[in-house]
Amino acid sequence: MKKFSFLLMVYSILSIPSYGQLFSTQTGETSFFSETPVENISAINKSVGAVLNTATNEIAVGIKMMAFDFSNKLMQEHFNENYVESEKYPTSVFKGKILEPIDYTKNGTYAVTAKGQLTIHGVSQSRELKGNLTVDNQKITLSNNFDVKLTDHKIEVPQLVFAKVAEVISVKSKYVFNPYVRKQSAP
């Protein structure tokens with residue numbers, strides 16, 4: 001399923017005619033942190049798929065929700081079953097475009113803004129995500145920090161545990177892209 005989601009994302013970007021190169025990762029990292037006076041909650045997902053089309057600046061990121069790893073397994077169970085409903089909404093997606101022109105042939109670090117749709121828990125929201133993009137000899141690294149308000153994506157927190165889960169979750173992402181190489185079909 002993970003490979004299927006990643007391939008679907010790749011093909012959605014591949015369908016756009018381009019003269020640049022595709023860069024991809026299947027080992028991107030996205031983590032989140034919820035801080036309250038009662039309890040802190042954190043998790044990390046190290047198997048995030050992402051694709052960047054350098055001709056069009058389009059980017060797509062797919063996050064398998066069940067791949068988030070928590071230090072407390074009970075928290076992980078509650079996250080998947082009660083909050084994001086991972087069986088019903090298995091993947092969160094960001095699909096958008098980097099607004100700034102980038103010279104991907106020149107090494108350097110660029111402040112970037114990606115504008116697009118962030119879909120979590122089946123609810124899409126227009127977002128502008130700011131971050132840094134570094135080009136270093138055919139390797140592109142994109143990192144960003146942003147907040148997600150749970151009510152924006154209709155994620156409900158039961159009144160019983162309301163003091164333990166923050167209303168706004170801090171998200172950090174880091175993706176190291178390498179040139180995408182299409183696998184040759186066996187004759």
Just to be sure, is Y83 closer than 21 Å to E35 by Cα, among the aromatic types (F, W, Y), surrounded by 14 or more Cβ atoms within 10 Å (Cβ to Cβ) and in contact (Cβ under 8 Å) with a residue 40 or more places away in the chain?
yes
I'd like to check something: does region 51-66 contain any residue that is under 16 Å from the mean Cα position of the chain (by Cα), assigned to a helix (DSSP H, G or I) and of a type outside the set (F, W, Y)?
yes
Checked region 97-122 for anything open to solvent by less than 30 Å² (accessible area, probe 1.4 Å) and among the hydrophobic types (A, V, I, L, M, F, W, C); matches are I98, I102, V112, A114, L118, I120
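The values are calculated or read from the model by the stated rules, or taken from the named source; none is laboratory data. Note that the coordinates shown come from a computational prediction; the quantities given were computed from them, not determined experimentally. Quick reminder, even Gly has a Cβ in these numbers, built from the backbone with ideal geometry, and neighbours come from all protein chains shown. For accessibility, only protein heavy atoms count, side chains too; no ligands or nucleic acids. Shrake-Rupley method; radii C 1.70, N 1.55, O 1.52, S 1.80 Å.
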